[in-house]
2 protein chains.
Amino acid sequence: MSWDKAAKYAEVYRKELFESVMPFWDEYSVDSEFGGYFTCLNREGEVFDTDKFVWLQCRQVWTYAMLYNRCEKREEWLEVANNGADFLALHGMDGEGNWYFALNREGMPLVQPYNIFSDCFAAMAFAQYGLACGSEKAIDIASKTYRNILRRKDRPKGKYTKAVDGTRDMKGMALPMILANLTLELEEVLSEDEVESTLDMCIDEVMGLFLDERKGILYENVGPDGSHVDCFDGRLINPGHGIESMWFMMDVAKRRGDKELIERAVQVVLNTLEYGWDEEYGGIFYFMDAEGRPPQQLEWDQKLWWVHLEALVGLIKGYNLTGRQECLDWFERVHEYAFGGFSDPKFGEWFGYLNRRGEVLMPLKGGKWKGCFHVPRGLYLCWREFENLGGEGE
Amino acid sequence: MSWDKAAKYAEVYRKELFESVMPFWDEYSVDSEFGGYFTCLNREGEVFDTDKFVWLQCRQVWTYAMLYNRCEKREEWLEVANNGADFLALHGMDGEGNWYFALNREGMPLVQPYNIFSDCFAAMAFAQYGLACGSEKAIDIASKTYRNILRRKDRPKGKYTKAVDGTRDMKGMALPMILANLTLELEEVLSEDEVESTLDMCIDEVMGLFLDERKGILYENVGPDGSHVDCFDGRLINPGHGIESMWFMMDVAKRRGDKELIERAVQVVLNTLEYGWDEEYGGIFYFMDAEGRPPQQLEWDQKLWWVHLEALVGLIKGYNLTGRQECLDWFERVHEYAFGGFSDPKFGEWFGYLNRRGEVLMPLKGGKWKGCFHVPRGLYLCWREFENLGGEGE
């Protein structure tokens with residue numbers, strides 16, 4: 001890629017991040033009365049629901065703290081992060097340090113801590129926030145939460161587990177995949193041994209158990225030995241997850257100088273795009289069945305914002321690490337689709353949900369699952385990658 | 001409606017039931033090796049998953065036993081019912097008589113009894129089956145299960161409840177609605193007092209708490225006093241459920257000779273159709289938000305088979321009970337849509353899931369949630385109603 005072209009892309013991503021996306025969250029999402037954030041925002045930024053979903057509260061703290069740490073020490077970014085971190089530290093956990101799934105506007109718990117990913121995003125948020133403001137309390141919350149996750153990881157839903165033990169034991173990819181990213185995020189909080197041994201486990205599981213060598217893509221759920229299980233969950237392919245996990249692997253591999261892991265991860269990204277791209281209408285499917293049978297998820301053919309951002313990140317990282325032209329070709333294809341369908345120049349931020357044809361299915365900018373996270377993180381990472389390609393980078 | 005027209009419709013429904021739908025289940029769904037039924041069947045009837053979901057196993061027992069009891073004493077129908085009932089009696093319950101949610105093909109439990117509707121459909125199945133074959137054991141299972149439901153009804157998810165007590169207590173319509181139908185189904189098994197007092201409770205809750213007088217439609221979830229709660233679940237409108245619950249109310253009202261309840265229930269069916277009909281593409285939406293905000297469910301705009309069958313039943317019962325022309329007009333509109341989009345003359349049975357435009361979204365005839373139930377029940381009930389209208393009825 002020419003320096004010129006890289007610089008143009010860098011500017012597109014920088015501009016989208018700082019002139020369309022972050023201003024939307026700055027303006028509409030901060031709850032200055034009770035703390036925390038509104039995430040249920042319609043196209044124009046109006047709040048349509050005030051519940052506080054812990055995944056999204058944590059992720060927004062992370063985003064603002066990350067920008068403060070990695071981009072520029074803007075006091076107003078730290079203030080927004082602080083607004084969420086204070087609210088979460090006060091209301092987010094039960095007596096044993098497990099993170100609730102949802103709180104009401106005031107911070108009272110609505111949904112029990114049945115979902116370990118609340119804890120993952122809390123650890124991520126407080127580590128980044130602790131780094132930003134130097135708070136020992138924040139670092140302490142991050143490391144306690146991280147250790148609690150490791151303790152709970154073999155039975156993440158605890159008493160809310162509905163699967164009967166012994167009939168059909170399966171493992172999910174989501175947790176080892178997130179742990180790889182989380183461990184890199186918490187690098188400065190953890191001991192080197194802890195970091196390396198957890199990363200080893202994550203690589204072993206993701207690349208060893210969940211990656212299907214024959215298809216060259218990742219399964220969401222497998223038997224304890226990595227075998228395929230012929231049931232809905234066992235046949236499930238989630239292309240967005242598969243691609244996201246591969247750029248986490250690239251980050252780990254880059255850190256370790258593991259070229260072979262880089263090559264494998266990049267190849268899986270390309271395979272997954274070939275597998276998950278909708279040749280008829282464009283975009284990447286949300287869910288697929290590995291055997292081509294009807295998936296369980298009725299929303300299987302929808303096009304989701306985060307899937308496309310993860311693909312952009314995975315492709316540009318892959319290109320930067322390997323120089324493979326296919327990465328760039330696919331990047332440009334996904335870029336056209338994403339900026340054409342999700343971006344909303346009129347009111348800022350991105351739409352979250354398109355139907356199969358690429359039409360807006362829900363005219364919202366945030367909801368129960370979409371907050372201030374994938375769009376800014378993806379745009380930020382792509383911007384940085386293009387700066388590197390343009391020779392002005394980190 | 002002229003007798004002629006009624007007779008023509010009766011014939012359409014009878015033919016669809018006995019020449020398209022039941023032959024499909026007769027031929028493809030019986031697991032004669034392990035007992036029970038395959039419900040995950042593709043367009044042509046091939047099994048694409050062998051798990052046994054207890055809702056659907058029970059509902060298929062009910063359908064075959066119901067046809068045997070109400071239609072004709074065909075020995076082969078009783079055999080199919082027996083194939084499921086034996087399997088369920090052997091494998092379906094935990095040690096305390098709670099019904100698992102899912103079993104594997106052989107009958108080993110996969111998913112714990114977290115879902116009280118498994119128990120509801122089990123009680124319905126065993127009552128109808130007991131009536132068919134005169135088995136005391138079946139009647140005993142039905143009545144024990146029914147009493148267990150009443151015992152569990154204020155905390156139906158038991159230890160799997162994720163809502164935190166006290167922050168935002170809400171009630172769901174599904175259970176009182178199903179209990180109305182279930183209690184009529186079990187009439188011959190229960191004492192008259194039990195029947196009447198449970199029906200009173202169901203009418204009070206459905207028409208008192210969940211029916212919104214201003215909008216004239218039902219909310220899925222309300223506060224304990226029937227108040228509206230401004231959150232995703234509290235704003236949820238499920239038009240199919242609303243209409244189904246109204247024909248359950250019509251059945252209760254007819255039995256009691258309660259004309260006022262009949263009038264109210266019929267009016268709510270009409271209101272719900274006005275509210276939930278997709279004026280752009282036709283068909284009834286799956287989920288809506290009472291305030292017109294984005295619903296939580298990504299599949300909100302899809303058109304589901306059962307919703308349209310419940311509407312047909314509600315409308316033709318409403319017409320038969322009140323003679324209101326609007327019922328007939330709406331019936332014909334829904335009939336055209338349903339037979340045009342869901343029915344599959346080529347391979348039998350109905351498709352389950354259309355996208356908003358009415359195109360087939362999943363080319364399946366059965367799955368995790370669609371089995372041998374809504375289509376045959378709906379067709380059967382409409383056929384009988386038209387026979388009554390044509391003067392040849394029950």
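The values are calculated or read from the model by the stated rules, or taken from the named source; none is laboratory data. Keep in mind that what you see is a predicted model, and the values were worked out from it rather than measured. A quick note on method: Cβ atoms are made from the backbone with ideal geometry, for glycine too, and the neighbour counts reach across all protein chains shown. Note: areas computed on protein heavy atoms with side chains; ligands, DNA, RNA excluded. Shrake-Rupley method; radii C 1.70, N 1.55, O 1.52, S 1.80 Å.
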Task: Neighbouring partner chain Cβ atoms per residue of B:47-57, average, 10 Å criterion - done: 2
Open item on the list: Normalised by the empirical 2.2 N^0.38 Å for globular proteins, what value does the Cα Rg of the protein assembly as shown take?
Closed with: 1.00
- [ ] Can you tell me the equivalent ellipsoid semi-axes for the range B:215-270? Use √(5λ) from the Cα gyration tensor, largest first, whole Å.
- [x] 24, 11, 9
- [ ] With a 1.4 Å probe and every protein chain left in place, tell me how much accessible area B:H228 has, in Å² to the nearest 10.
- [x] 80 Å²
Open item on the list: Going by Cα centres, the range B:221-272 and the range B:130-163 are how many Å apart?
Closed with: 24 Å
Open item on the list: Given the DSSP H assignment, sum -39500 (n - 2.57) over each helix run of at least 4 residues in the protein assembly as shown and divide by its residue total; what's the result at 222 nm in deg cm²/dmol, nearest 500?
Closed with: -16500 deg cm²/dmol
Task: Pairwise burial A:B, computed as accessible area of each alone minus the pair, summed, 1.4 Å, Å² - done: 3900 Å²
Task: Pairs from B:K303/B:K368; A:K171/A:K368; A:K137/B:K162; A:K162/A:K370; B:K317/B:K370; A:K15/A:K346 whose Cα-Cα separation, in the structure shown, is over 20 Å - done: A:K171/A:K368; A:K137/B:K162; A:K162/A:K370; B:K317/B:K370
Open item on the list: If the elastic network links every pair of Cα atoms under 10 Å, which of A:P376, A:P113, A:P345 fluctuates the most in the Gaussian network model of chain A?
Closed with: A:P345
Open item on the list: Using the Kirkwood radius over C-alpha pairs as Rh, can you work out the diffusion coefficient of the range B:33-162 via Stokes-Einstein at 37 °C, viscosity 0.692 mPa s, in µm² per second?
Closed with: 222 µm²/s
TODO: Provide a whole-number value for the mean count of partner chain Cβ atoms within 10 Å of the Cβ atoms in peptide B:7-15.
DONE: 0
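Probe radius 1.4 Å, ligands and nucleic acids left out: which of A:K259, B:K8, A:K153, A:K370 has the largest accessible area, and how do the rest follow?
Values: A:K259 160, B:K8 140, A:K153 55, A:K370 0 Å².
Greatest to least solvent exposure: A:K259, B:K8, A:K153, A:K370.
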Task: Relative contact order (percent, whole number), chain B, Cα cutoff 8 Å, 6+ residue spacing - done: 20 percent
Task: Solvent-accessible surface ranking, highest first, for A:K171, B:K144 at 1.4 angstrom - done: B:K144, A:K171
TODO: Compute, for A:S143, the solvent-accessible surface of its heavy atoms (probe 1.4 Å) with the complete set of protein chains present, and express it in square angstrom to the nearest 10.
DONE: 20 Å²
- [ ] In Å³ and rounded to a whole number, note down the convex hull volume per residue for the Cα atoms of chain A.
- [x] 137 Å³
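Could you rank A:R324, A:R357, A:R59 by how accessible they are, 1.4 Å probe, largest area first?
Details: A:R324 55, A:R357 75, A:R59 20 Å².
Descending order: A:R357, A:R324, A:R59.
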- [ ] Calculate how large, on average over all directions, the projected area of the Cα convex hull of the range A:260-303 is; give the answer in nm² to one decimal.
- [x] 3.7 nm²
TODO: Set the Förster distance to 41 Å, then compute FRET efficiency between B:V12 and A:K159 from the Cβ-Cβ distance, nearest 0.05.
DONE: 0.20
- [ ] For B:E196, tell me the accessible area in Å² from a 1.4 Å probe, rounded to the nearest 10.
- [x] 50 Å²
TODO: For peptide B:156-164, compute the average count of partner chain beta-carbon atoms within 10 Å of each residue's beta-carbon.
DONE: 4
Open item on the list: Tell me the net charge near A:M93. Cut-off is 15 Å between Cβ atoms, A:M93 excluded, with +1 for each Lys or Arg and -1 for each Asp or Glu.
Closed with: +1
